[in-house]
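Asks: Pasting a structure below so you can have a look.
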């Protein structure tokens, strides 16, 4: 019997806010869906769009990108730079026909453990509804990822 | 055309410039780049409506820089490239003498970036009407249709990198495409690598593309790739209110920020 589809979600988070926020979720014993693979980076300013491409190329069905709220960056301006890059990347993805519903950008602070749990649950449910990202995954078979 | 030849001859004879970068007759009516270094050979230069290639890419090439101070035969696309190269500190304000040629053949000497800026303020140019129409047509399609469109286009890409070579803004000594530790984009031309390559190219040109369309013309398999870079550029223009190739002093849009940048998709 085939197993029901469970989405793979990759989360790129910054070390100082969202990672700590996710930590808080855990220490607060808040349960959320286990479909997520968290990748910790120093800062959202470090989250290159090429990392997102790589996640899709390795079979991710959904992506979460999250970091400190504006004005809260540990390095003072990393998230502002990231925001500009996302604004253009989001636009370009739309123009190239990449499914924008599979990438979620968010700000989650170190105190927002409940927001993190809610976000992950919401994204996981939404991507489960959408099903596997076959459009993109079909490309993987065409060559070496 | 005569005015251009006379001007080039004069400049080279007086030693004001050591090379004039311009167009000469190629085969079958095609115009190809030429590098005139002596007053006698200024006769090779031609100017007509077929001179559409963007020559500005040569200005940052070491083998051309070696010739000495250049003058460049310039249409509006070349002038915009020139400004952007100055803005990105790849050229000094007065390192290049631009010879702007109008439709009627009148040559205007533009010795500094400021002069280029003033000249362009009168006739800016930009995306052609046909490209504008194509872009608007694409924007009206559904997301799935756009995906199919680009997949069909990009699957023809042979990764020859002609787009990169022809782009006046692609002057990096070491390109992400050539980086293999990590291998960001896989080398062979297949659907996934092609999509990744063209996304990277568009993103790296967002806020820097002067919309000359040279990459689209250079593409041997005829993919309208310039639409991607032009779209990224317009996205920057729309959201951050600045346009590449309009000012000699311009901060890189993605290297700067405003605390009140407005977006609607971050939760």
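The values are calculated or read from the model by the stated rules, or taken from the named source; none is laboratory data. Quick caveat: nothing in here was measured; it's all calculated off a predicted structure. Quick reminder, even Gly has a Cβ in these numbers, built from the backbone with ideal geometry, and neighbours come from all protein chains shown.
Asks: Name the residue that is surrounded by the most Cβ atoms within 10 Å (Cβ to Cβ), counting only residues in region B:243-266 that are touching a helix residue (DSSP H, G or I) at 6+ places or on another chain (Cβ under 6 Å) and more than 10 Å from chain A (Cβ to nearest Cβ).
Replies: Among those that are touching a helix residue (DSSP H, G or I) at 6+ places or on another chain (Cβ under 6 Å) and more than 10 Å from chain A (Cβ to nearest Cβ), it is B:245.
Asks: Same structure again: Of the conditions (1) closer than 16 Å to residue A:14 by Cα; (2) within 15 Å of the chain's Cα centre (by Cα); (3) in a loop (DSSP other than H, G, I, E, B), residue A:111 fails just one. Which one is it?
Replies: Every listed condition holds for residue A:111 apart from (2).
Asks: Okay, moving on. Is it true that residue A:76 is under 24 Å from residue A:22 (Cα atoms) and at pLDDT 95 or above?
Replies: Judged against the criteria, residue A:76 is not a match.
Asks: Turning to a different aspect of this structure: Residues in region B:188-197: is at least one facing another protein chain (nearest Cβ under 10 Å), in a loop (DSSP other than H, G, I, E, B) and surrounded by fewer than 18 Cβ atoms within 10 Å (Cβ to Cβ)?
Replies: yes
Asks: Looking at residue A:81, is it over 14 Å from the mean Cα position of the chain (by Cα) and assigned to a loop (DSSP other than H, G, I, E, B)?
Replies: no
Conditions tested, residue by residue: (1) buried (at least 22 other Cβ atoms within 10 Å of the Cβ); (2) under 28 Å from residue A:131 (Cα atoms).
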site: A:28; (1), (2): no, no
site: A:35; (1), (2): no, yes
site: A:61; (1), (2): yes, yes
site: A:67; (1), (2): yes, yes
site: A:73; (1), (2): no, no
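Asks: Here's a follow-up. Which one of these does residue A:138 not meet: (1) surrounded by 21 or more Cβ atoms within 10 Å (Cβ to Cβ); (2) facing another protein chain (nearest Cβ under 9 Å); (3) closer than 24 Å to residue A:6 by Cα?
Replies: Residue A:138 satisfies all of (1) surrounded by 21 or more Cβ atoms within 10 Å (Cβ to Cβ); (2) facing another protein chain (nearest Cβ under 9 Å); (3) closer than 24 Å to residue A:6 by Cα except (1).
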